[in-house]
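Engineer: Pasting a structure below so you can have a look.
Here, each number is a calculation from the coordinates, and none is a lab measurement. Everything numeric in this text was worked out from a predicted model, so none of it was measured. Cβ: placed from backbone, ideal geometry, glycine included. Neighbour counts: every protein chain shown.
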Amino acid sequence: MIDNILHLYRRFYYRFPQPIMTFLGSTYGSFPLSFRFGAAYQRHLSLARDFEGWNSQQQEDYMFHKTLETLLFAERYIPYYQRRFAESEFKTSSFKSLSDIQRVPNITKEEIKQNLRLLYSFRKEFGISYFTGGSTSVPMKFFLPLRTSRGKEKAYINHILSHLGYEPRDRTIILKGRNIVPDESKRVWQYEPVDNHLVLSSNHLNPDHIQSMLKEIKKYQPKFIYGFPSAVMDFLRAAQTVRCEGLPEIQGVFLGSENVFDEQIAQIRDFFDCDVVTIFGHSERTAIAYKHNIGEYHFLNSYGLVRNVNGQIVSTSFDNFVMPLINYEQRDYALGTNEFYDGTDIIRTSKNIEGRIQEFLITKDRRLVSITTMGAGHFSTLQNIEAIQYSQDEPGIAELRIMTSNPHDLDLNAIRDELERQAGSGIAFEVKVVDWIEKSSMGKRVLCLQKIDLSSVETSILKTFDGHQPPAPEKPSPKDPSGVGVMSFSSKRRLYESMPLFLKKSVSLVPFAFVAGRAYRKTLRRKHIFDHASRTEILDYQESALGEILAFATAQVPAYHRYRAIVERHRPFEALKAFPILEKETVQQDLPNYLPATFNEIPHYQISTGGTSGNQLKIFVDDASQAIEMAFMHRQWSRVGYFPGSRKAVFRGVSFPNLPKGVYWQYNPIYREIQFSPFAMSEENLPAYIRALIRYRPAFLHGYPSAIDIVSEYILRNDLTKDLPPIKAVLLGSEGMVEGQASRIARAFNTRVFSWYGHSERVILAGGCEANNSYHHFPDYGILEMIAENNTACEHEGDRGELIGTGLLNRSMPFIRYRTGDFATRLGPECECGRCWDRFTNVEGRWKQDMIIGHRGAKISIAALNMHGPLFERVTRYQYYQDRIGECELHIMVAPGFGEEDRLQIERAYRDKVRDQLRLSVKIVGDIPLTDRGKLKLLDSKL
Ligand SMILES: [Zn+2]
């Protein structure tokens, strides 16, 4: 509360000398925020938190009531709305559901400017005037409630910041365009004690001043950075020029107020080695959203109601009883894939937000081209380019200004040609090197100086936005599923042949020094590099990573000592060919020989091969490997829109210890997933599964194809597809798929399926392509070889052979040239999606789907039953045997030392897993016969 008053006098405060400011500020800053900002702060803080945890129904209820509240106020007190409501025959009493908001006319900035007098009332609350920023047009005046508005704003911002662990008054560097004129102390920063900020002067983020800033930063030990993307990039570039070292560990970077490009986020993350949260908001305070790293923007619709009307963000104020805005046309655009509240145009998430219509160029035939699609983001992350700016004052002609320290390294003609190609030849470009690019009065870098008033052509662009079409007339690049074109890596490469590629740095990364959280982030981040890297860059990377692992293995692992000389004398890919193909049985028989000498110094844990081969292998994996594995999963799932935190329904063989009768699922809040038991899917129980699925409203399904297929078959047979929530994709792993299964699952859930290939030995991991049905093998996961039956290497498209893998990441038990037992057909590396990774298709082999039949006909896949862990330590081979429905015998061959207690333990473990769905007994047998081809059949079923 008191802060709202003091805020008015802040100009005086900043004129005090620093010691007085520090005293006043820190005293004041130490007051609780609820005192400074009034009860509104606390109320909105808990509301923002609660809102994110609510289900759709609760959220929609809340949004409905807040909208109604705003409408009632407008109808009663605001003359302008009284008139507009009457004109369009809208009455608040007829507002029955959220979609009724579509019947209220929109309001534009021009209408607000013309009718300001009729748009506010101080009857309920006192208001304070603000002006929109806006570097191009005349600022717009508006009013916000004096007493509550800043408290609410602070609460939402702090709530968003808390996603990276921020707490009020945590030490934070501010890079938000305040220019500090140095006094005799020559300081180009200011300590701001109220919020405990260190503010760096935006006009001094250059190599001349960065050293002194860095010194101050080391003293200050910040936890966070908060700034305009362009200012953070300026800082980063300056710091790189002086090769700064020993920067304090930063816990998170917050970006806001300008358009941000994914490439910038990637570079900022890479530099500070931390997560980045981008905040979207505006001074009218009707909408707020944030995104985590390069995920989607999440709108907080408890702050204001946000709709997508033909691509444009149209919003309605909540909690503003001075000058509420209803269906306000923001001139910001929600691009790419949008997720909506059911049956409405209210946005939950949007892949991209692009602000300000002025950031478009216009062609001579009056089409609009977004400068984002012109590769502005790519330019600005490349080394040696400090800033760029587009300028246009005549349709069909534009200028690109480049600020660079090395003008001779740039091929301006090549850049021009590329720009003209991107603009579909509708714009003639002039490319110029300049000494300096102006910032706006707010310290923001203006990316586009658009002097033509584009509002007249706005409607044409809105049409192209509809249906997720890209704003540029060009065909969307297949690389980016969001529909916003991305400059291909090869064209960037052509452009900047003369320049050092930012990729080079990453290539030299040694993948060993990983620890859990950091390992996850690093792995995740490499997505940007590898999705766009050329074949040569990928092979360069792999060669260096393979060199590391071979050097390690030959120095450390007894079984590989004798290849040491070869590894030292030959290039890694050559040396690899000298190693023998490794059989699972060889490792099994001589395990200690395959462990490194430093085994005990490498943090690790034990798993066993899953899989259906019937003889398990004990495997040791590094502690960090689970986090890394997770990052790879997230990398590939992002191809179908998944981001960490998406709601998921899971069908896998996890354990379900304490389910009440009639319940076959449990909720895991850490992963936001509902886990369904794959062990109870009988005709009788499936209706309950479907009801739970509908209630939970997952965005993704994840699990064994066999298990999800059972549900799919049931859904199609009973025609339930229309009742299901919208599913973005079904993620199918851990088993191969049987003919027809994927299409049946896709039909049942009316969505696409995404599958991948991998195994516990962690030598190969390949995920489905979003554009076709090939698998892409992750270049930074392992080295893939394929070997035909006659022992020749399969190197050409169409060659069929066995998949052989060398893991690049696991140090506690490196597998070199490990035979997977699976066969596939090799495809050429170039894919229409733009990746240049190893590719294959038609996998066949170890993946089988045998089903055991539980009580009342429930089908249980073997993959779901499979046990991991030490239970099978002294079991040498096993087989499921079934001759009666609902009963199963597990036949095991055992090693000496296996006792009755061990047998009972295995029985107990299965009982915990399958509960009353299957009676399973464990029987020790003398022999388990193999098939004619010498393979073990995992299930011997007489049914
Ligand atoms: Zn592809």
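Engineer: Could you calculate the FRET efficiency of LYS923 with ALA692 from 1/(1 + (r/R0)^6), where r is the beta carbon distance between them and R0 is 22 Å, rounded to 0.05?
Structural biologist: Computed FRET efficiency for LYS923 and ALA692: 0.05.
Engineer: Another question, if that's okay. Starting from the eigenvalues of the Cα gyration tensor, five times each then square-rooted, give me the equivalent ellipsoid semi-axes of the range 137-238, largest first, whole Å.
Structural biologist: Output for the range 137-238: semi-axes of 27, 18, 13 Å.
Engineer: Under a plain spin-label model, where a point goes 7 Å from the Cα along Cα-to-Cβ, how far apart in nm are LYS937 and LEU118?
Structural biologist: For the pair LYS937/LEU118, the computed spacing is 8.4 nm.
Engineer: OK, next. Need the full-extension length gain, ALA895 to ARG43, defined as separation in residues times 0.36 nm minus the C-alpha distance. One decimal, nm.
Structural biologist: Using 0.36 nm per residue and subtracting the Cα-Cα distance, I get 300.3 nm.
Engineer: Could you sort 60-70, 104-114 so that the peptide with the highest average Cβ count within 10 Å comes first and the rest follow in order?
Structural biologist: The peptides rank, most packed first, as 60-70, 104-114.
Engineer: Amide H of ASP838: which non-local residues (sequence gap of 5 or more, or other chain) have their own amide H closer than 5 Å, using H built in the peptide plane?
Structural biologist: HIS777
Engineer: Please check which bits of the range 791-818 a label hung off ILE566 would reach, taking the label as a point 7 Å along Cα-to-C-beta and the cut-off as backbone N under 12 Å.
Structural biologist: What the label zone holds, given the 12 Å backbone N cut-off, is 817.
Engineer: How many percent of Cα pairs in the range 54-127 exceed 18 Å?
Structural biologist: So the pairs more than 18 Å apart make up 46 percent of the total in the range 54-127.
Engineer: Sticking with this one: So, in Å, what gap is there between the alpha-carbon centers of the range 549-628 and the range 215-284?
Structural biologist: If you average the Cα positions of each part, the centres end up 40 Å apart.
Engineer: Using only the Cα atoms of the range 387-427, build the gyration tensor, take square roots of its eigenvalues as a ≥ b ≥ c, and label the shape rounded, prolate or oblate: rounded if a/c is under 1.5, else prolate if a/b is larger than b/c, else oblate.
Structural biologist: The shape class here is oblate.
Engineer: For a bin width of 10 Å, list the pair-distance distribution of the range 781-824 built from all Cα-Cα distances, rounded to whole %.
Structural biologist: The calculated distribution, bin by bin, is 30, 49, 19, 2.
Engineer: Still on this structure: To make sure I understand, if each residue's beta carbon is the centre and we count other beta carbons within 10 Å, what order do GLU873, GLU802 fall in, fewest to most?
Structural biologist: GLU873, GLU802
Engineer: Which number comes out as Rg/Rh for the range 182-301 once both Rg and the Kirkwood Rh are worked out on C-alpha atoms?
Structural biologist: 0.98
Engineer: What is the sum of charges, Lys and Arg at +1 and Asp and Glu at -1, for the other residues whose Cβ falls under 11 Å from the Cβ of ALA627?
Structural biologist: Residues close to ALA627 contribute a combined charge of 0.
Engineer: Moving on. For PHE620, PHE228, PHE676, what's the fewest-to-most ordering of other Cβ within 10 Å of each Cβ?
Structural biologist: Going from sparsest to densest Cβ surroundings: PHE620, PHE228, PHE676.
Engineer: Please tell me the relative contact order of the range 33-191 in percent, rounded to the nearest whole number, where contacts are Cα pairs under 8 Å and at least six residues apart.
Structural biologist: 26 percent
Engineer: Using the scaling law 2.2 N^0.38 Å as the reference, what is the normalised Cα Rg of the range 517-654?
Structural biologist: 1.25
Engineer: Please order GLU89, GLU770 by the number of other Cβ within 10 Å, starting at the fewest.
Structural biologist: GLU89, GLU770
Engineer: Between GLU887 and GLU167, what length in nm is gained on full extension when 0.36 nm per residue of separation is reduced by their alpha carbon distance?
Structural biologist: Full-extension gain reported as 253.6 nm.
Engineer: Contour minus end-to-end for SER93 and LYS618, with contour as 0.36 nm per residue of separation and end-to-end as the Cα-Cα distance?
Structural biologist: Once the chain is fully extended between SER93 and LYS618, it gains 182.1 nm.
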